[in-house]
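Engineer: Shown below is the structure under consideration.
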Amino acid sequence: MDVRKTYKLFVNGEFVRSESGRAYRPDGIVNVPRGSRKDLRDAVRAARTAFPAWAARTAMNRGQILYRAAEMLDSRGAQFTDLLGGGVKARREVDQAVETLVWYAGWTDKLPQVAGTVNPVAGPYFNFTLPEPTGVVGIVAPDEPSLAGIVRRIAPALCGANVVVALAPELRPLPALTLAEVFATSDFPAGVVNVLSGQRRELLPWLAAHMDVNAIDVAGCTPEEVRAVEAAAADNVKRVIKVAAGESSPYLITAFMEMKTVWHPIGV
Amino acid sequence: MAISKKQSADLARQVFEYAPAPEAIDHVRIQPTYGLFIGGKMVEPHSKKRFPTINPATEKKLAEVSEADAVDVDRAVKSAARAFDSWSHLSPSRRARYLFRISRLIQERARELAVVETMDGGKPIKESRDVDIPLSAAHFFYYAGWADKLEWAFPNRKPRPLGVAGQVIPWNFPLLMLSWKIAPALAAGNTVVLKPAETTPLSAMLFAEICMQAELPPGVVNIVTGAGRTGSLVVEHPGVKKVAFTGSTEVGKLIQRALAGTGKKLTLELGGKAANIVFEDAPLDQAVEGIVNGIYFNQGHVCCAGSRLLVQESIAEPLMEKLKRRLGTLRLGDPLDKNTDIGAINSRAQLEKIQGLVESGVEEGAELYQPECKLPERGFWFPPTLFTNVSQSYRIAREEIFGPVLSVLTFRTPAEAVEKANNTPYGLSAGVWTDKGSRILWMAERLRAGVVWANTFNRFDPTSPFGGYKESGFGREGGIHGLAPYLDLN
């Protein structure tokens, strides 16, 4: 007789049940926590608290931690392949997710060299521009592919030193919830990544309108949801990221970032 | 005979009288009425409506400009859409040449533009002459050079223009904001419909003449004048693919909401409540000049103005003394006088807003300081104002005043300075004054703002990206980063 796993939300580095005590069964069998507005609030608060220290880590350190996540995911490749239904296609998706983490792990200490500039202003000033994290990023993961899809968005957001509150795919939440175990064992400080499962209609409006969320990635949203998110996002001038779900590029990393320009006079 | 120390100190305190030095205006011809710039020529508005634009320093009418209605805006967008096909397919080096031409024409007509800017907006002539107009020309010159180099700007991408850009600009830097909007849009191969602010439309009307002088193909630039209603018609027009707005956070949020689900690309450059932070080791005299430039430049009508002064407690007293003395030497008056430091408030509405917020500061318990300052009888004026004893919760410490009003707060440690500086929903700019290099970089890292000026303030350059964090908007203007919002990079 096997020992079954209780699936939980991942908030502030801990695996917790929904404060609402509710669950739903997306596949008709397994109980999955049905996260509430208050769970979302807790996750945003945890993320905000974790943000300054995470953003202050060196680029190299963040790269190492992202690489560690790739190691953890790869070492559990068989488990994720099973979760995705088994077979060659499932294995390929796991490999893609691992590759995505490795790829972005290598970007942390290169991005400022590609996206930053030294600006030749017409005066005696030294002037440079660097990308910085925008802060707390909400991610609406696409239903398909249920593992690679969420990794393709969380990885660039973390690569840019943001902290993340991700909504797992509503119908296929198990790979995302299990992915949280990968993050939990990869040396990410508590609160840097948070993963919530539940019903999109119960969580998305609050994520989109939350005044302490800086950006929201709508990769997994329907056009109607995008419209609603964009309208709610205006409350605090949230950045709404609408980059194609399959994208992997430094342009996607900078979509989660702000450009900061610093001036200083040159003189003796 | 040597001057004694006491005599020297007395002299330093003395404010010299300046003889009037008015800028000549006889070389400027303002027409009594203006139409709309659509399809390469000035046309009569369908609305048949016009409204006056006045000189805020005299309250005298300068001209009547057209108020574009839905039909007018539709004509402008269609004109831009028609021009898009040929403009976007024009050889990029040709596009560049048009922009270079515009830049040169702005330089050639610089003094005329400066005078009109000052008459229509109230800003001191020395600012429009030395800042607004040269930077406008430089902006076109900079982006002209990008027009045929876009592939080098975005590796692994084939940059393509978006279509018609709808652009709405504010009244604080009319021609400069026009340049920030139009130059990158055209360089990227888009065509534009621009709406200038209702109180400052005249330099845009002169710019329309410049477009004609440059023989810019008809429809590439269209300019429709009007108030907020015209602006919303522009941004909400279905033919517009890209919206760029500079203005208040309040209106920016309305636009972001209105564009939800439309798929239009949007950039917003909104309000600010910048902290200007002075450490005890800062060279105080330089810092005083920086503080003055930070908040009294352009009457404080600057979104990135250093409106919250954070002073390290140990130097608060001597700094305040120096600052108050400096305030007493600022010359307020005729914006066309070359000696004027503080010109007219842009409009009666803005003056009332400033007055209301200043009253709230007094009511909430802050201590008001204004130097002795004679205000002209006609026009809209507000003396340079400084509040001490300000708590972070006061409206004058939280809300954008957009006037010559400085709120002074103190701090003890660098960490406290960062905490207070970032304690705002805005994040456009910040200033740091200290002699210690490592502290500058430490502070610059932690300040959540798009522009950090260290030992300087309110510097602008076409190569230097500008734009905000948080509720100060998103997207950057200036530099290579200012191109991306006008391109499809997918």
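Engineer: Filter the stretch B:409-456 down to the residues that are part of a loop (DSSP other than H, G, I, E, B), among the hydrophobic types (A, V, I, L, M, F, W, C) and free of Cβ contacts under 8 Å to residues at least 24 places away in the same chain and list them by number.
Structural biologist: Correct list: empty.
Engineer: Residue check: is A:Val218 buried (at least 23 other Cβ atoms within 10 Å of the Cβ), over 14 Å from A:Arg153 (Cβ atoms), among the hydrophobic types (A, V, I, L, M, F, W, C) and under 18 Å from the mean Cα position of the chain (by Cα)? Before you say what the answer is, go through the steps one by one.
Structural biologist: Values: buried (at least 23 other Cβ atoms within 10 Å of the Cβ): yes; over 14 Å from A:Arg153 (Cβ atoms): no; among the hydrophobic types (A, V, I, L, M, F, W, C): yes; under 18 Å from the mean Cα position of the chain (by Cα): yes.
Criteria not met by A:Val218.
Engineer: Say whether the condition of being of a type in the set (Gly, Ala, Ser), without any contact (Cβ under 8 Å) to a residue 24 or more places away in the chain and over 23 Å from B:Ser136 (Cβ atoms) is met by at least one residue in the stretch B:28-48.
Structural biologist: No, because not a single residue in the stretch B:28-48 is of a type in the set (Gly, Ala, Ser), without any contact (Cβ under 8 Å) to a residue 24 or more places away in the chain and over 23 Å from B:Ser136 (Cβ atoms).
Engineer: Return the only residue of B:Tyr369, B:Tyr296 being among the aromatic types (Phe, Trp, Tyr), touching a Leu at 6+ places or on another chain (Cβ under 7 Å) and within 25 Å of B:Thr434 (Cα to Cα).
Structural biologist: Within the list B:Tyr369, B:Tyr296, the selection yields B:Tyr296.
Engineer: If I ask for residues that are under 25 Å from B:Pro161 (Cα atoms), of a type in the set (A, V, I, L, M, F, W, C) and more than 22 Å from the chain's Cα centre (by Cα), which ones from the stretch B:253-309 would you list?
Structural biologist: Of everything in the stretch B:253-309, those that are under 25 Å from B:Pro161 (Cα atoms), of a type in the set (A, V, I, L, M, F, W, C) and more than 22 Å from the chain's Cα centre (by Cα) turn out to be B:Ala258, B:Leu259, B:Ala260.
Engineer: Could you count how many residues in the stretch B:458-477 are closer than 15 Å to B:Glu269 by Cα, assigned to a loop (DSSP other than H, G, I, E, B), at the interface with chain A (Cβ under 8 Å from one of its Cβ atoms) and within 13 Å of the chain's Cα centre (by Cα)?
Structural biologist: Result for the stretch B:458-477: 1.
Each row is one residue, and each column tells you yes or no for (1) away from chain A (no Cβ under 14 Å); (2) modelled with pLDDT of 95 or more.
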residue	(1), (2)
B:Glu372	yes, no
B:Gln392	yes, yes
B:Leu406	yes, yes
B:Leu409	yes, yes
B:Ala415	no, yes
B:Ala421	no, yes
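Engineer: Would a scan of the stretch A:201-211 turn up a residue that is buried (at least 24 other Cβ atoms within 10 Å of the Cβ), within 10 Å of chain B (Cβ to nearest Cβ), part of a loop (DSSP other than H, G, I, E, B) and on the phi < 0 side of the Ramachandran plot?
Structural biologist: No.
Engineer: So B:Val311 passes all but one of these: (1) surrounded by fewer than 18 Cβ atoms within 10 Å (Cβ to Cβ); (2) in a strand (DSSP E or B). Which condition number does it fail?
Structural biologist: Only one criterion is unmet by B:Val311, namely (1).
Engineer: Using the structure shown, decide if B:Leu162 is in contact with a helix residue (DSSP H, G or I) (Cβ under 9 Å, 6 or more places away or on another chain) and either over 27 Å from B:Val73 (Cβ atoms) or at pLDDT below 95 (or both).
Structural biologist: Answer is no for this residue.
Engineer: Still on this structure: Please go through the stretch B:478-490 and give me each residue that is more than 7 Å from chain A (Cβ to nearest Cβ) and either at pLDDT below 95 or out of contact with any His (no Cβ under 9 Å at 6 or more places or on another chain) (or both), ordered by number.
Structural biologist: Once the filter is applied, which keeps residues that are more than 7 Å from chain A (Cβ to nearest Cβ) and either at pLDDT below 95 or out of contact with any His (no Cβ under 9 Å at 6 or more places or on another chain) (or both), the stretch B:478-490 yields B:Gly482, B:Leu483, B:Ala484, B:Pro485, B:Tyr486, B:Leu487, B:Asp488.
Engineer: Which one is farthest from the other protein chains (Cβ to nearest Cβ) among residues in the stretch A:227-254 that are buried (at least 21 other Cβ atoms within 10 Å of the Cβ) and in a helix (DSSP H, G or I)?
Structural biologist: If we take residues in the stretch A:227-254 being buried (at least 21 other Cβ atoms within 10 Å of the Cβ) and in a helix (DSSP H, G or I), then A:Ile253 is farthest from the other protein chains (Cβ to nearest Cβ).
Engineer: Determine whether the stretch B:244-265 contains at least one residue that is under 28 Å from B:Leu483 (Cα atoms), at pLDDT 95 or above and more than 14 Å from chain A (Cβ to nearest Cβ).
Structural biologist: Yes, some residue in the stretch B:244-265 is under 28 Å from B:Leu483 (Cα atoms), at pLDDT 95 or above and more than 14 Å from chain A (Cβ to nearest Cβ).
Engineer: Hey, another quick one. All but one of (1) under 20 Å from A:Asn162 (Cα atoms); (2) within 8 Å of chain B (Cβ to nearest Cβ) hold for A:Ala219; state the number of the condition that does not hold.
Structural biologist: (2)
Engineer: Continuing with the same structure: Which residue is farthest from B:Ala204 (Cα to Cα), if the candidates are limited to the stretch B:151-173 and must be of a type in the set (A, V, I, L, M) and surrounded by fewer than 22 Cβ atoms within 10 Å (Cβ to Cβ)?
Structural biologist: Filtering first and then ranking leaves B:Ala153.
Engineer: Name the helices (runs of 4 or more DSSP H) wholly inside the stretch A:34-99 in which the number of residues that are of a type in the set (Val, Ile, Thr), touching a residue at least 60 places away in the same chain (Cβ under 8 Å) and within 17 Å of A:Pro156 (Cβ to Cβ) is 1 or more. Full working, then the answer.
Structural biologist: Working: elements: A:37-56, A:59-75, A:77-83.
Of the helices (runs of 4 or more DSSP H) lying wholly inside the stretch A:34-99, those with at least 1 residues that are of a type in the set (Val, Ile, Thr), touching a residue at least 60 places away in the same chain (Cβ under 8 Å) and within 17 Å of A:Pro156 (Cβ to Cβ) span A:59-75.
Engineer: Applying the selection to the stretch B:230-248, what residues are surrounded by fewer than 22 Cβ atoms within 10 Å (Cβ to Cβ) and under 21 Å from the mean Cα position of the chain (by Cα)?
Structural biologist: Listed by number, the residues that qualify are B:Ser232, B:Ser248.
Engineer: Determine the pairs where a residue that is at pLDDT 95 or above, located within the stretch B:213-232, has a partner that is of a type in the set (S, T, N, Q) with Cβ atoms under 7 Å apart, the partner being 6 or more residues away or on another chain.
Structural biologist: Within 7 Å, the pairs are B:Pro217/B:Ser86; B:Gly219/B:Ser79; B:Gly219/B:Thr191; B:Val220/B:Thr191; B:Asn222/B:Ser79; B:Val224/B:Thr230; B:Thr225/B:Ser66.
Engineer: Inspect all residues belonging to the stretch B:373-382 and state whether any of them is within 19 Å of B:Ala316 (Cβ to Cβ), aliphatic (A, V, I, L, M) and outside the structural domain of B:Glu59 (by TED's automatic domain parsing).
Structural biologist: no
Engineer: May I ask you to verify whether A:Val193 is at the interface with chain B (Cβ under 10 Å from one of its Cβ atoms) and crowded, with 20+ Cβ neighbours inside 10 Å?
Structural biologist: no
Engineer: Go through the stretch A:118-176 residue by residue and tally those that are over 28 Å from A:Ala209 (Cβ atoms), within 11 Å of chain B (Cβ to nearest Cβ) and in a loop (DSSP other than H, G, I, E, B).
Structural biologist: Of the residues in that region, 6 qualify.
Engineer: Given the conditions (1) in contact with a Lys or Arg (Cβ under 6 Å, 6 or more places away or on another chain); (2) within 14 Å of another protein chain (Cβ to nearest Cβ); (3) crowded, with 24+ Cβ neighbours inside 10 Å, report the number of the one that A:Thr108 does not fulfil.
Structural biologist: So A:Thr108 meets the others, but not (2).
Engineer: Pull up the stretch B:423-457, narrow it to residues that are of a type in the set (Val, Ile, Thr) and within 10 Å of chain A (Cβ to nearest Cβ), then point me to the one that is surrounded by the most Cβ atoms within 10 Å (Cβ to Cβ).
Structural biologist: B:Val451
The values are calculated or read from the model by the stated rules, or taken from the named source; none is laboratory data. Predicted, not measured: the structure shown is a model, and the values here were computed from it. We place every Cβ from the backbone using ideal geometry, glycine too, and count neighbours over all the protein chains shown.
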